[in-house]
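Asker: I'd like to ask you about the structure that follows.
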Amino acid sequence: MPELPEVETVKRTLNELVKGKQIENVTVRLARIIQRPDDTMAFAHMLAGHTIESVERRGKFLRILLDGLVLVSHLRMEGRYGLHGSDEPLDKHTHVIFHFTDGTELRYTDVRQFGTMHLFQPGEDLSLPPLNKLGEEPLEPSFTPERFREIVSGKSTKIKSLLLNQEYVVGIGNIYVDESLHRAGIHPEDSPKALSREQLDKLHHAIVSTLTEAVNAGGSSVKSYVNGQGESGTYQQQLLIYGRKDQPCAVCGTLIEKSVVGGRGTHYCPSCQRVSTVLAR
């Protein structure tokens, strides 16, 4: 958390809030947030004077495009951005402050302190860590049913573990994997090899529709997530399986169960999501 819908919402919010603003200087209050360069003074010096042109997303990462630089930011578990006036009191968990020439500040806060920032020259960021090994974007036109079948073809790992692997498909974290598998009627421990073409196409549709609906709802605020304007998402009100252990399945009424798959808590309906015995064609 946050996953693709939440990061997409933050991206859109930041484009409204900071696009066109010029950075006067940068204050780094927690050095380990800055991963590249490894000198926080160099990080601040490189950004001074640059203007934010737009904010994009790659998987669960934000790409803040400036005139001559690209800042790649990962929110991890509880990182968040907010626009403030320079006279507003600082939260004790504020770790990086981008001071703008108009007197406002973009503040990065992170209670867990797991977030990261990498600064690149244009053209470098997509070919170097942490973005260079990311897989398909599930909301792009290139993510077709045919492409999805190519990605999972021949894989013997559990389907949930595969979908969580960002080298195959990006942005689908624990919440939306559980929701997509439930919609498709596929057990999280199924092997892609055991899934038919029809099942894989149904799963592809479930992934795209689930993520699209979540983006339109501003993401899910199941813990502390808010967008750049401090607003919570609402998709948690539509979740059918995630976080609903021992509650009746909305489809069949069977009590939802929870197990661990690939080290992650996993919710599923034992009736709607039976382990497949069909060999993929």
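Asker: If you place +1 on the Cβ of every Lys and Arg and -1 on the Cβ of every Asp and Glu, how big does the dipole about the Cα centre of the chain come out, in debye to the nearest 20?
Answerer: 1040 debye
Asker: Using per-residue counts of other Cβ atoms within 10 Å, averaged over each peptide, order 75-81, 45-51 from highest down.
Answerer: Descending packing order for the listed peptides: 75-81, 45-51.
Asker: Would you mind classifying segment 4-127 by shape? Square roots of the alpha carbon gyration tensor eigenvalues, ordered a ≥ b ≥ c; an a/c under 1.5 is rounded, otherwise it is prolate if a/b is larger than b/c and oblate if not.
Answerer: rounded
Asker: How large is the dipole of segment 1-70 about the Cα centre if only Lys and Arg carry +1 and Asp and Glu carry -1, each at its Cβ, rounded to the nearest 20 debye?
Answerer: That gives a dipole near 140 debye.
Asker: Please list the non-local residues whose amide H lies under 5 Å from the amide H of Thr104, H modeled 1.01 Å from N, same-chain partners needing a gap of 5 or more.
Answerer: Amide H neighbours of Thr104, under 5 Å, 5+ apart: none.
Asker: How far is helix 174-184 tilted, in degrees, relative to the longest principal axis of the Cα atoms in the chain, given as a value from 0 to 90 rounded to the nearest 10?
Answerer: Rounded to the nearest ten degrees, it is 30.
Asker: Now for a different question. With Rg and the Kirkwood Rh both taken from Cα atoms, where does Rg over Rh land for the chain?
Answerer: Radius of gyration relative to Kirkwood radius: 1.02.
Asker: Still on this structure, please answer the following. Assuming 0.36 nm per residue, please report the length gained on full extension of the stretch Asp91 to Val111 beyond their Cα-Cα distance.
Answerer: Stretched fully, the Asp91-Val111 segment lengthens by 6.2 nm.
Asker: Multiply the residue separation of Thr144 and Val260 by 0.36 nm, subtract the distance between their alpha-carbon atoms, and state the gained length in nm to one decimal.
Answerer: Between Thr144 and Val260, full extension yields 38.8 nm more.
Asker: Excluding Ile241 itself, calculate the net charge of residues whose Cβ lies under 13 Å from the Cβ of Ile241, where each Lys or Arg counts +1 and each Asp or Glu counts -1.
Answerer: After counting each charged neighbour, the total is +1.
Asker: Given points 7 Å out from each Cα along the Cα-Cβ axis, report the Thr51 to Lys193 separation in nanometres with one decimal.
Answerer: Here the answer is 5.7 nm between the modelled labels.
Asker: Compute the FRET efficiency between Asp38 and Thr157 as 1/(1 + (r/R0)^6), taking r as their Cβ-Cβ distance and R0 = 35 Å, and round to the nearest 0.05.
Answerer: With R0 = 35 Å, the Cβ-Cβ based efficiency is 0.50.
Asker: Which of the cysteines found in the chain have nothing to pair with, since no other Cys Cβ lies under 4.7 Å from theirs?
Answerer: If one checks each Cβ against the other cysteines of the chain, Cys252 turn up with nothing under 4.7 Å.
Asker: What does the charge dipole of segment 138-210 about its Cα centre add up to, to the nearest 20 debye, if the Cβ of each Lys and Arg holds +1 and the Cβ of each Asp and Glu holds -1?
Answerer: Dipole magnitude for segment 138-210 comes out near 160 debye.
Asker: Next question. Hey, if you put +1 on the Cβ of every Lys and Arg and -1 on every Asp and Glu Cβ in segment 145-268, which of Ser180, Val261, Tyr168 ends up farthest toward the positive end of that dipole?
Answerer: Val261
Asker: Give Lys11/Lys92; Lys60/Lys193; Lys133/Lys155; Lys11/Lys202; Lys19/Lys133; Lys158/Lys193 a once-over and call out the pairs whose C-alpha atoms are over 20 Å from each other.
Answerer: Lys11/Lys92; Lys60/Lys193; Lys11/Lys202; Lys19/Lys133
Asker: Separate question: If you average the alpha carbon positions of segment 173-206 and of segment 46-121, how far apart do those two centres end up, in angstrom?
Answerer: 35 Å
Asker: Something else: State, to one decimal in nm, how far the label point of Val251 lies from the label point of Gln237, with both points 7 Å from Cα in the Cβ direction.
Answerer: Going by the 7 Å Cα→Cβ label model, 2.4 nm.
Values quoted throughout were computed directly from the atomic coordinates according to the rules given, and no laboratory measurement underlies them. Given the structure is predicted, the values throughout are model-derived calculations rather than measurements. All Cβ positions, glycine included, derive from the backbone under ideal geometry; neighbour counts span all protein chains shown.
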